[in-house]
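**Q** What follows is a single structure, and I will ask about it in a moment.
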Amino acid sequence: LDGFKPVNDRWGHQAGDAVLVELAHRLAAAARAGDTVARLGGDEFVVLLCGVAGDAEIATIARRLLDAIGGPCAIGNDTVTLGASIGVAVHPRGPGIDPDALIRQADQAMYEAKRRGRNRFHVFDRERDRQVSEGQAHLTRIAAALEAREFRLHFQPRVDLANGRVDGLEALIRWQHPERGLLPPAAFLSGIEDSELAVPLGEWVLREALRHRLAWRDAGLDLTVAVNLFGRHLQHPDFVARLSAILGEFPSLPPKGLELEIVETTVMLDLAAAARRMLDCTRLGVRFALDDFGTGYASLTYFRRLPVSLLKIDRSFVADILDDPGDQALVQSVVAMARTFGCATVAEGVETLAHGLPLMRYGCDFAQGYGIAEPMPAEAVAAWVAGWRMPEVWRAQTAGAAAD
């Protein structure tokens, strides 16, 4: 039943029991001859339907039960009207399942009916149940992997297009799976964004990124490190306080060397609250970057209201910049707009050195992509940075622009 608890709270348990008796009679009257109606306890009932012809008959009976429950009930001189959420499970025609499993399926479907707005019925979906079970098993395995320290960070360099220097690194998570080897994020991050694991995994990435940054800095390599934030992590009420505590674990590291990357969907649910939280973070000294810019529905609106220092142009616009006039115009416009707001731009997906040439002409500040370097383990970063030089094709264009 939907809304039964207030009956007990307002009129007392004796009145509540009378309502349950009345609704039990209505359910029995609405069921067919040969069906069984039972009260499991509290405000939960089970109706056993035997020999139903198919989905259409199930739907007809379910609606009849809802109508029966939905009529007003008298409580003294007052009346109360309740609703119900009905979950339906059908015994399979193939291999049977035990009665407890059938009731569990109906119970799961009932909670889905409640989630969808109550006062309705929902039929148990075996495929959906399989997906949910697999998703839960996956999250359990991820939690175990975090406990077993199976995750790694790889780092992709970002270079300054004006002078060719390495400006920073983006931290990218990998899973060193004991059986499947090194897995990229696409192979395991699905489902984590909206789970409770977003916070502990996100905090692990922050600590690990800062730990590596400290080691590089102690070795004479002072580079900014960018970390991608899960939306649920940023939305956590204690995010600012917990971030401050993590920064406090590395007292010798200036917070300005940490960048937090967010996507538009991270802040869409409550822009004002997200902006306040981000502003509090900037007071700690960290910077924010807006990732995948251009792929959302209201990017300019969000960009203007959020305290971001960098704007990352999505790789889908950079990939065809060599021969697509539309993407060329779009990237030029984004760079010009960002400059107007005092924001630096980063081009993602620079797959060849040639892609850097138009970006340099447009005034884009930074670039990253496989044309510069693939993501690499932390221990490979120092040697790569030491061996990196501005490509000659870029240097020639810079020299030509200076001559002009």
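**Q** Hey, among the residues in segment 121-165 that are in contact with a Lys or Arg (Cβ under 9 Å, 6 or more places away or on another chain) and open to solvent by 30 Å² or more (accessible area, probe 1.4 Å), which one's nearest to Ala84 (Cα to Cα)?
**A** It comes out as Phe121.
**Q** Are any residues in segment 333-355 touching a Leu at 6+ places or on another chain (Cβ under 7 Å), over 13 Å from Asp291 (Cα atoms) and open to solvent by 20 Å² or more (accessible area, probe 1.4 Å), and if so, which ones?
**A** Ala354
**Q** Still on this model: Looking for whichever is over 18 Å from Leu234 (Cβ atoms), open to solvent by 40 Å² or more (accessible area, probe 1.4 Å) and touching a strand residue (DSSP E or B) at 6+ places or on another chain (Cβ under 9 Å) here; the options are Leu322, Leu330. Which one fits?
**A** Sole residue among the options that is over 18 Å from Leu234 (Cβ atoms), open to solvent by 40 Å² or more (accessible area, probe 1.4 Å) and touching a strand residue (DSSP E or B) at 6+ places or on another chain (Cβ under 9 Å): Leu330.
**Q** Within the set of pairs 6 or more residues apart or between chains, which connect a residue that is in contact (Cβ under 8 Å) with a residue 60 or more places away in the chain inside segment 350-377 to a residue that is open to solvent by 40 Å² or more (accessible area, probe 1.4 Å) and in a strand (DSSP E or B) with Cβ atoms less than 9 Å apart?
**A** Asp365/Asp167; Phe366/Asp167; Pro377/Arg152
**Q** Is it fair to say Gly191 is in contact with a Leu (Cβ under 7 Å, 6 or more places away or on another chain), of a type in the set (Gly, Ala, Ser) and open to solvent by 40 Å² or more (accessible area, probe 1.4 Å)?
**A** Spelling it out, Gly191 is indeed in contact with a Leu (Cβ under 7 Å, 6 or more places away or on another chain), of a type in the set (Gly, Ala, Ser) and open to solvent by 40 Å² or more (accessible area, probe 1.4 Å).
**Q** Only residues that are under 24 Å from Ala383 (Cβ atoms) and of a type in the set (A, V, I, L, M, F, W, C): list them for segment 189-230, please.
**A** Once the filter is applied, which keeps residues that are under 24 Å from Ala383 (Cβ atoms) and of a type in the set (A, V, I, L, M, F, W, C), segment 189-230 yields Val205, Ala209, Leu210, Leu214, Ala215, Trp216, Ala219, Leu221, Leu223, Val225, Ala226, Val227.
**Q** Let me ask something else about it. Could you count how many residues in segment 1-15 are touching a Gly at 6+ places or on another chain (Cβ under 7 Å), assigned to a helix (DSSP H, G or I) and touching a residue at least 12 places away in the same chain (Cβ under 8 Å)?
**A** Looking only at that region, the number is 1.
**Q** Please determine, by comparing only the residues of segment 16-54 that are farther than 21 Å from Ser85 by Cβ and assigned to a loop (DSSP other than H, G, I, E, B), which one is most open to solvent (accessible area, probe 1.4 Å).
**A** Once the filter is applied, the top-ranked residue is Ala33.
**Q** Okay, moving on. Restricting attention to segment 163-188, which residues are free of Cβ contacts under 8 Å to residues at least 12 places away in the same chain and either part of a strand (DSSP E or B) or in contact with a Leu (Cβ under 9 Å, 6 or more places away or on another chain) (or both)?
**A** Gly181, Leu183, Pro184
**Q** Please go through segment 233-292 and give me each residue that is at negative phi, open to solvent by 40 Å² or more (accessible area, probe 1.4 Å) and assigned to a strand (DSSP E or B), ordered by number.
**A** Arg287
**Q** Among the residues of segment 73-88, is there at least one that is in a helix (DSSP H, G or I), in contact with a helix residue (DSSP H, G or I) (Cβ under 7 Å, 6 or more places away or on another chain), touching a residue at least 60 places away in the same chain (Cβ under 8 Å) and surrounded by 15 or more Cβ atoms within 10 Å (Cβ to Cβ)?
**A** Checked segment 73-88: no residue is in a helix (DSSP H, G or I), in contact with a helix residue (DSSP H, G or I) (Cβ under 7 Å, 6 or more places away or on another chain), touching a residue at least 60 places away in the same chain (Cβ under 8 Å) and surrounded by 15 or more Cβ atoms within 10 Å (Cβ to Cβ).
The values are calculated or read from the model by the stated rules, or taken from the named source; none is laboratory data. Because the structure is predicted, anything quoted here is derived from the model rather than measured. Cβ: placed from backbone, ideal geometry, glycine included. Neighbour counts: every protein chain shown. What goes into the accessible areas is simple: the full protein's heavy atoms, side chains included, and nothing from ligands, DNA or RNA. Shrake-Rupley method; radii C 1.70, N 1.55, O 1.52, S 1.80 Å.
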